[in-house]
């Protein structure tokens, strides 16, 4: 008899830790702060720092230069240059929205009543919404894909209650955890079954577990010192894993081993990118899984002449 499915948002204490269930994962739960303008300011400022920490360099344009950024974007006609200037415009819009919201909170702290439908509040929302639409032009620092979710978070934090925002974050974390699991599974399937990298599956599994704990943990958590250390050390151990090469290996075997080691290092980097950003990177995940499968095919062909001659 099948058990009843667990509903998203179900909260339980598991091994002494309060966790909330979303899309197959029990994620460490945190109490949301009070739903006030001051708390929203702190949240949006933190999300702003987080965004610019994970996206490509050069787009953190001050909000006061919004007019210049827009003019440069609108005047550009070369597609690849227009993408970069669109990313810079997104950064300026993002900062302008944050600037307005910060000043409004300062006014409220001085006793000035700030209406939710005031002109400045509307302008703040419009800036964040336009930044979200342009965020599709912005790449992750790896250069492989954009991470649109980071652009949408400040607008959601601005437009919905903080408690609802926290719930939406758990869904995004669950998506990120699934990407980490997929990458680790692809790595283990490719390299754990290869004589060249026999034993590496243990290091991959250790990194996967550490990355998922890192992904669900806030930086303000008292356990972050051990959690971050576990995550970094697990990545270092995986990167240091050397292929098992016989005496006088052939050039083809040397190339296969080199490509495999580089692919393992890239897997560690990708898992790290996702764990730190706490959002899924589906395109990079799909591409990486395909690269692991292709490497495994080469490894199998080396051992099976019938495959190699197919």
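List of remarks:
- Exactly one residue out of 116, 126 is assigned by TED's automatic domain parsing to the domain that holds residue 52, at pLDDT below 85 and surrounded by fewer than 17 Cβ atoms within 10 Å (Cβ to Cβ): that is 116.
- Scanning region 279-300 for residues that are more than 17 Å from residue 184 (Cβ to Cβ) and in contact (Cβ under 8 Å) with a residue 24 or more places away in the chain returns 279, 283, 298, 299.
- Lone unmet requirement of (1) surrounded by 15 or more Cβ atoms within 10 Å (Cβ to Cβ); (2) without any contact (Cβ under 8 Å) to a residue 40 or more places away in the chain; (3) part of a strand (DSSP E or B) for residue 92: (3)
- Residue check for residue 205: at pLDDT 95 or above and surrounded by 12 or more Cβ atoms within 10 Å (Cβ to Cβ): yes
- Scanning region 42-66 for residues that are touching a residue at least 12 places away in the same chain (Cβ under 8 Å) and out of contact with any helix residue (DSSP H, G or I) (no Cβ under 9 Å at 6 or more places or on another chain) returns a single hit, 57.
- Residue in region 222-231 that is outside any helix (DSSP H, G or I) and closer than 27 Å to residue 297 by Cα present: no
- Of the residues 39, 13, the single one that is out of contact with any helix residue (DSSP H, G or I) (no Cβ under 9 Å at 6 or more places or on another chain) and either within 22 Å of residue 174 (Cα to Cα) or assigned to a helix (DSSP H, G or I) (or both) is 13.
- Residues of region 242-257 that turn out to be surrounded by fewer than 15 Cβ atoms within 10 Å (Cβ to Cβ), touching a residue at least 12 places away in the same chain (Cβ under 8 Å) and in a helix (DSSP H, G or I), as a count: 1
- Residue 295 vs. criteria assigned by TED's automatic domain parsing to the domain that holds residue 181, at pLDDT 95 or above and more than 26 Å from residue 174 (Cβ to Cβ): yes
The values are calculated or read from the model by the stated rules, or taken from the named source; none is laboratory data. All figures in this text were calculated on a predicted structure; none of them were measured in a lab. Neighbour counts are summed over all protein chains in view; Cβ atoms, including those assigned to glycine, are modelled from backbone coordinates with ideal geometry.
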